[in-house]
Amino acid sequence: MAFVDQITVKAQAGKGGNGVIRWLRNKETAKGGPAGGDGGKGGDVVLLGVQDLAALAPYRYDKDFSAEPGEAGGNFNRHGADGKDVVLKVPVGTVARVVATNETFDITHEGEQVVVFKGGNGGKGNARFKGSTSQNPFEQTDGKKADGGDIQLTLKLIADAGFVGYPNAGKSSLLNALTNAKSKIGAYPFTTLDPHLGDFYGQILADIPGLIEGASTGKGLGSKFLKHIERTKILVHLVSAEQEDLVSAYRGVRSELESFGHELGGKEEVVVLSKIDLLEPPALKKAIATLSKATGKEVLTVSVADPDILKAFSDTLSKLLAKG
């Protein structure tokens, strides 16, 4: 099923059930008093956080949802049944916005439930209106109407570390090597068209689609890439040893992060020179020095082709995430 990270659905909470006018009639009481029950409450529209990145995909085909209305009251002062809620499953990290009011809800934990539209309260039956001055009231109230409308659902991944870099920087390969994720790999731009997640000793790593110059203004994968790193704790910035100009490659990505805003430019960043198995020792040493001087940071190295180097990087990354 295709990955969907933004979609708009229509949802309606349930109307409250009507109160009723009824009279107590049985063989003991031929002409009893008022016995009309209250109506039940209408169902709510509820969002439920789940650990499933594909949870928004079914809403491409089914976009209209309604909670059940409350039942009307009954005789013998019976209360009408409450309507069932309509529950929409959304991935953890989803921001829901009510289009009409611009009210937003942020779902950040698995199992978290958020009521977007509340069901209407039930009406009162005539038994409620009996009093000293009104022994046989012919009064009741209808159930309240409920709110509804369009809800825009936008997924923004919540991960401990997000792998960023130009296309083919080795992000997918590294994610696959460190976790049991199965990101698609290929020697052409935009192999990764959708984010992938992997479990790294209890920490979540995200392989984010590569970006190109102009991504912050929508070019290439544009904001489809950038919005998914707003909530990552650490950016692991991969620069491939294949690049002819390592510094330009690094600065190109940094420029897009800073241009997009949303505090991306200020996130903690780990600079990694990837695919180092392609360089001879002298060239590798020079590449590390060049990148370190340009970034002002210690440059880590990694190669998925060398188990020892991969293990060393894994240990270092684990320590960095533990600090966060």
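Quick notes on this one:
- Positive minus negative residues near ASP85 (Lys, Arg vs Asp, Glu; Cβ under 13 Å): +1
- Full extension of the chain between LYS130 and VAL87 yields a length gain of 11.7 nm, computed as 0.36 nm times the residue separation minus the alpha carbon distance.
- Inter-label distance, nm, simple model (7 Å from Cα along the C-beta direction), ASN180/LEU284: 3.1 nm
- Nearest-10 value in Å² for the accessible area of THR101, using the 1.4 Å probe: 90 Å²
- Nonlocal amide H pairs with THR301, under 5 Å, H built at 1.01 Å: LEU273
- For the range 123-134, putting each phi into the Karplus relation 6.51 cos²θ - 1.76 cosθ + 1.60 with θ = phi - 60° gives couplings of x, 9, x, 5, 5, 6, 9, 5, x, 5, 9, 8 Hz, in residue order, rounded to whole numbers and with x for Gly and Pro.
- Per-residue ³J(HN,Hα) for the range 43-60, Karplus 6.51 cos²θ - 1.76 cosθ + 1.60, θ = phi - 60°, Hz, x for Gly and Pro: x, 8, 9, 10, 9, 10, x, 10, 8, 8, 5, 8, 5, 7, 4, x, 6, 5
- Taking amide H as placed 1.01 Å from N in the peptide plane, VAL270 has its amide H under 5 Å from the amide H of LEU235, VAL236, HIS237, each at least 5 places away in sequence or on another chain.
- Centroid-to-centroid separation of the range 254-324 and the range 68-94 [C-alpha atoms, Å]: 53 Å
- For the residue pairs LYS233/LYS267; LYS233/LYS285; LYS89/LYS267; LYS233/LYS323; LYS10/LYS145, the C-alpha atoms sit more than 19 angstrom apart in LYS233/LYS285; LYS89/LYS267.
- Estimated vicinal HN-Hα couplings, Hz - the range 7-17 in sequence order (Karplus 6.51, -1.76, 1.60; Gly, Pro = x): 7, 10, 10, 10, 9, 9, 6, x, 6, x, x
- Annotation: amide H of GLY33 within the under-5 Å range of LEU24, sequence separation 5 or more or interchain, hydrogens built in the peptide plane.
The values are calculated or read from the model by the stated rules, or taken from the named source; none is laboratory data. In this text, all values refer to a predicted model and were calculated from it rather than measured experimentally. Neighbour counts run over all protein chains shown; Cβ positions are idealised from the backbone, glycine included. SASA here: full protein model, heavy atoms, side chains in, ligands and nucleic acids out. Shrake-Rupley method; radii C 1.70, N 1.55, O 1.52, S 1.80 Å.
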